[in-house]
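The values are calculated or read from the model by the stated rules, or taken from the named source; none is laboratory data. These numbers come from a predicted model, not from an experiment. Don't worry about glycine lacking a Cβ; one is built from the backbone with ideal geometry, like all the others, and counts go over all protein chains shown.
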Amino acid sequence: MKELKNLTSLNNKELLLVLPVNNLEDVLLNECLYSIAEQTKAVDLLVLVNNLSDQEIETLKNIIEAPKITLTQKDDKGEITHNEINSKNDINYTIEKSNSETFQKIFNEAMNYANQNQYKFFSIVEYDDVLTKDWINKSMFFASEREDIDVFLPLIKEMSNGVFLGYFNEASWVDGYSEEAGFFDTPLLLRFNCMNITGSIFKTQSLINKSENKNGYYYAIKESIKINYAYEFFLRMLYEYLKMYTIPRVGYEHRIDRPQPKVNYFSSKIPRDITIKTPEQGGITNEEYSFWLALAKKEYFYDTDRNLKFEPVVAKV
Amino acid sequence: MQETTQQIETPVSNPVEEHNMIIDLIIEKINSNDFKIYFYCPPMNTPSGGIGVLFKQAKILSNNGYNVEIIYEPRHDAKASFQESQKKGKKIEIYEKFNPTWLEKEIEGLPIRPLGADNNDILFNDGSKEKAASISINAQDFVIIPEGFPNMMQHFVKIPCKKIIFAQSWYYILNALQVGQNWKSWGIEDVISISDGITQYLNIIMPGLKIKNYSQSIDREIFKPKSIAKKYPKIAFMPGRTQDAAIKTYNVIKTFYSFYPQFRWIRFDKLEGLSKKEFAERLSESALVLYTDEIAGFGTLPLEAMACNTHVVGWNPLGGKEYMNSQNGFWAHNGDIFLLAELLGIAVEKYIIGELDLPMVTEEYEKTLERYTKEKEIDSIIKIYNEYKNERIEELNKLKQ
């Protein structure tokens with residue numbers, strides 16, 4: 001893991017925001033980057049690109065340097081107009097090529113970058129999601145006031161094709177769910193898989209201390225787990241007494257259910273129809289889905305990756 | 001209850017001179033603060049904002065050299081009396097002890113006296129015993145009677161002292177009176193009102209009263225803001241004075257949950273049966289407070305909440321209109337359950353998106369609270385009683401022959 005020489009920290013190495021990109025989706029990228037550019041506190045952005053050509057990286061750079069959004073409005077005559085709004089702020093960023101093809105690997109890579117470059121916190125935002133305008137500022141304020149906390153989760157607005165579905169990460173605040181209001185604990189998480197990994201702010205050192213170390217590279221997430229790895233990760237970190245708290249402010253818009261021909265394992269978003277999709281489309285069977293879910297609920301007792309594999313049961317004739 | 005008036009002895013034999021001399025002596029006593037201010041107080045041991053304000057006023061006067069006494073009629077405790085009578089085999093009367101410990105510093109050093117027949121022992125349900133005494137009210141003394149006790153007003157009709165009504169609620173004024181009755185029927189014209197709303201109301205229902213406005217304060221040493229990082233996404237509320245009020249409050253809460261299922265994780269925290277400190281702590285740790293007092297004479301809860309940087313969503317009763325505006329809270333028309341539930345949702349939404357964290361919100365609260373400082377409260381009370389002293393002297397001078 002190398003030093004980010006092209007990134008001069010504007011926030012005193014308080015927070016490294018990591019944006020993994022493996023596909024150039026112009027509108028979504030613009031919206032995501034616009035939300036980063038509009039933050040009320042300076043952001044250091046590390047863009048990890050996978051499988052993009054040099055030309056695509058150039059295009060990505062152009063978007064990062066002038067992100068814009070389109071506002072659709074009705075004018076005085078009642079006609080629909082589309083107004084482009086460019087961000088007036090520059091993004092402090094650097095781009096690094098990555099070989100990580102799955103979210104598990106990207107997460108570990110992001111954490112190692114944050115550790116190597118001495119960032120106190122790091123956070124991952126997916127390119128089809130957006131941050132709320134004041135999220136970084138607000139979360140850093142909470143972090144400064146609550147130094148005992150290791151992970152700050154935002155209230156997430158769950159959006160399905162532009163439709164608001166509900167809030168996420170809010171379960172820690174529900175009366176009677178957790179032992180201490182606002183904090184996740186193991187019984188709550190075993191009851192519901194109710195924590196989202198993207199948008200969360202992780203204290204780098206807390207995660208490093210609880211990660212498997214292989215030759216100086218740290219593995220917070222077990223890369224062998226195909227799906228529900230975040231569930232296993234959160235369960236293990238809670239089991240290791242990390243304090244995880246939901247800041248009662250909306251910080252992240254999580255856009256799900258985007259129609260995709262193939263399952264994108266580079267993203268943390270596992271589509272609801274994963275068991276319907278064919279193996280060629282990245283789909284898995286119900287049996288495999290259940291296997292990984294059950295595994296997550298058992299495997300968190302182990303602090304190292306045991307590389308367990310799914311073995312389909314072959315029916316005997 | 002008994003009251004007596006003391007005779008002031010004078011060496012003069014001419015009746016006119018004697019009359020004038022007595023008046024001069026009374027005036028002298030008033031001028032030198034050698035008189036008592038009696039506050040009649042209903043003996044409620046459960047926290048009550050009204051009793052708190054009454055004690056606060058008494059305490060300020062006491063701290064400023066006035067001779068103040070709280071008087072109350074002990075409430076009969078039928079159950080304790082029955083049990084004690086059974087045990088002792090004779091009729092024994094037990095009374096509830098008035099001991100508003102929830103007021104903490106407001107009661108320090110204030111004499112609280114049960115009224116009863118002279119030298120009789122009053123037995124209290126906490127096992128203590130106290131000698132009752134009939135109070136001796138003189139012409140120079142002042143008696144302060146809360147607005148909801150016309151029986152006490154009637155009681156003092158023949159006592160030639162200054163009688164002042166302390167009006168903290170508009171709602172109970174006419175409820176406590178017979179149709180056609182008013183305070184002037186008992187020779188009382190002087191009123192201390194705690195809000196512009198009550199003053200306006202009294203001017204309409206009983207024109208001609210002499211009303212002075214008392215400016216309340218919020219105790220900023222107790223009601224303090226907490227960092228937004230230390231607050232919980234919960235809504236504090238007080239269920240209400242009556243069962244009906246409580247039903248309405250719960251209806252607002254359930255309507256809110258029904259309108260906004262996405263906010264079912266937001267908790268409500270009932271503030272009831274707490275000491276002042278506990279109350280302030282719980283209010284301060286709440287993000288919002290639901291205010292459902294429809295009949296408030298003034299309404300300190302919204303101001304206390306503003307002092308805690310806790311955002312208020314509530315009805316706009318008559319008493320609070322002097323400080324409620326569109327910048328310092330989410331106000332619904334009094335009694336409108338649907339609008340209040342809707343506003344709760346709007347307020348929660350604004351809270352979680354961080355709009356209520358902006359400095360301009362706190363600045364607006366401070367602007368509102370500027371009017372209700374401790375200093376202003378003390379000044380207003382001292383001013384009111386100085387005026388009463390002067391008016392009383394003027395009244396007495398007019399009685400001279």
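Please specify each residue of the range A:13-44 satisfying the condition of being part of a loop (DSSP other than H, G, I, E, B), aliphatic (A, V, I, L, M) and in contact with a strand residue (DSSP E or B) (Cβ under 7 Å, 6 or more places away or on another chain).
Result: A:Ala42, A:Val43.
Pick from the range B:259-279 the residues that are part of a helix (DSSP H, G or I), out of contact with any Asp or Glu (no Cβ under 7 Å at 6 or more places or on another chain) and touching a residue at least 12 places away in the same chain (Cβ under 8 Å): which of them is nearest to B:Ile346 (Cα to Cα)?
Among residues in the range B:259-279 that are part of a helix (DSSP H, G or I), out of contact with any Asp or Glu (no Cβ under 7 Å at 6 or more places or on another chain) and touching a residue at least 12 places away in the same chain (Cβ under 8 Å), the one nearest to B:Ile346 (Cα to Cα) is B:Phe263.
Residues A:Ile197, A:Ile201: which one is at pLDDT 95 or above, in contact with a helix residue (DSSP H, G or I) (Cβ under 7 Å, 6 or more places away or on another chain) and away from every other protein chain (no Cβ under 14 Å)?
A:Ile197
Can you name the residue in the range A:104-127 that is among the charged types (D, E, K, R) and surrounded by fewer than 21 Cβ atoms within 10 Å (Cβ to Cβ) and is also farthest from the other protein chains (Cβ to nearest Cβ) among such residues?
A:Lys105
Of the numbered conditions (1) part of a loop (DSSP other than H, G, I, E, B); (2) charged (D, E, K, R); (3) touching a strand residue (DSSP E or B) at 6+ places or on another chain (Cβ under 9 Å), A:Glu96 fails exactly one; give the number of that condition.
With respect to (1) part of a loop (DSSP other than H, G, I, E, B); (2) charged (D, E, K, R); (3) touching a strand residue (DSSP E or B) at 6+ places or on another chain (Cβ under 9 Å), A:Glu96 is out only on (1).
Among the residues of the range B:333-359, count how many are more than 20 Å from B:Phe259 (Cβ to Cβ) and more than 14 Å from every other protein chain (Cβ to nearest Cβ).
The total comes to 0.
Given the residues B:Leu358, B:Leu339, B:Leu301, which is the only one that is of a type in the set (A, V, I, L, M, F, W, C), touching a strand residue (DSSP E or B) at 6+ places or on another chain (Cβ under 9 Å), without any contact (Cβ under 8 Å) to a residue 12 or more places away in the chain and at negative phi?
Only one candidate passes the filter, namely B:Leu339.
I'd like the residue in the range A:158-184 that is within 16 Å of B:Pro233 (Cα to Cα) and assigned to a strand (DSSP E or B) and, out of all such residues, is nearest to the other protein chains (Cβ to nearest Cβ).
This residue is A:Tyr167.
Considering only residues that are buried (at least 21 other Cβ atoms within 10 Å of the Cβ) and either within 8 Å of another protein chain (Cβ to nearest Cβ) or not aliphatic (A, V, I, L, M) (or both), which ones fall in the range A:129-141?
A:Asp129, A:Thr132, A:Asp134, A:Trp135, A:Lys138, A:Ser139
So, in the range A:291-315, how many residues would count as being of a type in the set (Gly, Ala, Ser) and surrounded by 12 or more Cβ atoms within 10 Å (Cβ to Cβ)?
Residues in the range A:291-315 being of a type in the set (Gly, Ala, Ser) and surrounded by 12 or more Cβ atoms within 10 Å (Cβ to Cβ): 1 in total.
List the number of the failed condition for B:Tyr171; all other conditions in (1) closer than 28 Å to B:Tyr323 by Cα; (2) over 14 Å from the mean Cα position of the chain (by Cα) hold.
(2)
If I ask for residues that are at the interface with chain B (Cβ under 9 Å from one of its Cβ atoms) and closer than 14 Å to A:Gly182 by Cβ, which ones from the range A:144-157 would you list?
Within the range A:144-157, A:Glu145, A:Arg146, A:Leu155 meet the criteria.
Please find, among A:Tyr217, A:Tyr241, the residue that is on the phi > 0 side of the Ramachandran plot, more than 14 Å from chain B (Cβ to nearest Cβ), over 18 Å from the mean Cα position of the chain (by Cα) and modelled with pLDDT of 95 or more.
Just one listed residue meets the conditions, A:Tyr241.
So how many residues does the range B:275-305 have that are modelled with pLDDT of 95 or more and of a type in the set (Lys, Arg)?
Residues flagged as modelled with pLDDT of 95 or more and of a type in the set (Lys, Arg) within the range B:275-305 amount to 1.
Those residues that are over 30 Å from B:Lys59 (Cβ atoms), modelled with pLDDT under 95 and either within 14 Å of chain A (Cβ to nearest Cβ) or surrounded by 13 or more Cβ atoms within 10 Å (Cβ to Cβ) (or both), I need them from the range B:360-401; list them, please.
Matches in the range B:360-401: B:Leu399, B:Lys400.
Please specify each residue of the range A:185-194 satisfying the condition of being away from chain B (no Cβ under 13 Å), hydrophobic (A, V, I, L, M, F, W, C) and surrounded by fewer than 16 Cβ atoms within 10 Å (Cβ to Cβ).
Within the range A:185-194, just A:Leu190 meets the criteria.
Does A:Ser144 fit the bill of being within 22 Å of A:Lys105 (Cα to Cα) and out of contact with any helix residue (DSSP H, G or I) (no Cβ under 7 Å at 6 or more places or on another chain)?
No.
Pick from the range A:250-260 the residues that are out of contact with any Ser or Thr (no Cβ under 6 Å at 6 or more places or on another chain), surrounded by fewer than 22 Cβ atoms within 10 Å (Cβ to Cβ) and over 19 Å from A:Asn50 (Cα atoms): which of them is nearest to the other protein chains (Cβ to nearest Cβ)?
Applying the filter and picking the extreme gives A:Glu253.
Every residue in the range B:122-162 that is within 17 Å of the chain's Cα centre (by Cα) and not aliphatic (A, V, I, L, M), please.
B:Pro146, B:Glu147, B:Gly148, B:Phe149, B:Pro150
Restricting attention to the range B:68-116, and to residues there that are among the β-branched types (Val, Ile, Thr) and surrounded by fewer than 16 Cβ atoms within 10 Å (Cβ to Cβ), which single residue is modelled with the highest pLDDT?
Of everything passing the filter in the range B:68-116, B:Ile92 is modelled with the highest pLDDT.
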